[in-house]
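First, the structure itself, so that you have it in front of you.
Every number here is computed from the coordinates shown, using simple stated rules; none is lab data. All figures in this text were calculated on a predicted structure; none of them were measured in a lab. Quick reminder, even Gly has a Cβ in these numbers, built from the backbone with ideal geometry, and neighbours come from all protein chains shown.
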Amino acid sequence: MTRVQTCALPILWPHAQDAARQLGVAPEVLIAQAAHETAWGKSVPRFADGRSSHNLFGIKANRGWEGDRVVNSTLEFVNGAAVRQRDGFRAYGSYADSFKDYVNFLQVNPRYGEALNVVKDGTAYLRALQRAGYATDPAYAKKIQALINGPAFDDALGALKSAPTGPIIKKS
């Protein structure tokens with residue numbers, strides 16, 4: 001895990017915890033999914049002027065989406081073949097908003113009901129998301145699970161969880 005990847009964790013972790021509480025899934029699963037979707041922040045969809053969309057979960061902006069949107073290149077799997085195409089993605093004002101919309105997106109779409117019923121098992125949750133069509137990559141769940149099981153991911157989260165809370169410098 002690179003320094004940039006590790007630096008993003010303290011920013012995202014509280015939002016992952018909040019979203020995880022609402023869904024009932026482990027926050028580590030959400031961090032891993034966001035990391036996979038954005039290549040550790042290197043591929044967050046951006047506006048033409050370079051501003052971030054803060055879209056951590058690759059959620060597309062379909063016809064019903066009333067918020068901001070950004071068009072970016074994406075890799076989709078069509079009939080088993082990887083195809084590069086352009087598509088519209090939801091855009092948010094913050095990473096917190098991205099996590100909030102992720103929770104809402106899953107909860108209001110009945111097709112994700114199976115995933116929400118197996119949240120206590122991260123592997124089953126990811127597989128259920130994949131079966132429901134969350135992603136077109138046939139190895140989506142497997143790739144995220146490999147990231148979760150990797151030693152660098154475990155080490156970074158361990159360091160994050162053991163870090164002291166509160167101010168670093170004590171006032172005298």
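Please arrange LYS143, LYS42 by how many other C-beta atoms lie within 10 Å of their C-beta, fewest to most. Don't skip to the answer; put the middle values down first.
On the way: LYS143 15, LYS42 9.
Ordered from fewest to most neighbouring Cβ atoms within 10 Å, LYS143, LYS42 come out as LYS42, LYS143.
Cα axis of helix 27-38 to longest principal axis of the chain: angle in degrees, 0 to 90, nearest 10?
Between the helix axis and the principal axis of the chain, the angle is about 60 degrees.
Please state the relative contact order of the stretch 3-162 as a whole percent: Cα pairs under 8 Å, 6+ residues apart? Don't skip to the answer; put the middle values down first.
Numbers: 209 pairs, mean separation 35.6, N = 160.
That works out to 22 percent.
Counting only residues 5 or more places away or on other chains, whose amide H sits under 5 Å from the amide H of VAL71 once H atoms are built in the peptide plane?
Residues meeting the criterion, in which the H sits 1.01 Å from N, are PHE89.
Under 5 Å between amide H atoms, partner at least 5 residues away or on a different chain: which partners does PHE77 have, H built in plane at 1.01 Å?
Result for PHE77 returns VAL83, THR136, ASP137.
May I ask for the percentage of alpha-carbon pairs in the stretch 1-87 that lie more than 18 Å from each other?
Details: 1979 of 3741 pairs.
Beyond 18 Å sits 53 percent of the P(r) for the stretch 1-87.
Which whole-angstrom value gives the distance between the alpha carbon centres of the stretch 49-87 and the stretch 103-142?
Between the Cα centre of the stretch 49-87 and that of the stretch 103-142, the gap is 18 Å.
List ARG131, ARG21, ARG84, ARG69 from most exposed to least, where exposure is judged by having the fewest other Cβ atoms within 10 Å. Write out the running numbers ahead of the final one.
Details: ARG131 14, ARG21 11, ARG84 8, ARG69 19.
The fewest-first ordering by Cβ neighbours comes to ARG84, ARG21, ARG131, ARG69.
What angle, in degrees between 0 and 90 and rounded to the nearest 10, separates the Cα long axis of helix 122-131 from the longest principal axis of the Cα atoms of the chain?
In the chain, helix 122-131 runs at an angle near 20 degrees to the longest axis.
Return the sequence-ordered ³J(HN,Hα) values of the stretch 144-150 in whole Hz as given by the Karplus equation 6.51 cos²θ - 1.76 cosθ + 1.60 applied to θ = phi - 60°, using x for Gly and Pro.
Computed from phi, the couplings for the stretch 144-150 are 5, 4, 5, 4, 4, 7, x Hz.
If you don't mind, another one. Starting from the Cα coordinates of the stretch 3-162, work out the convex hull volume and express it per residue in Å³. Write out the running numbers ahead of the final one.
On the way: hull volume 18.8 nm³, N = 160.
With only Cα atoms used, the stretch 3-162 gives 117 Å³ per residue.
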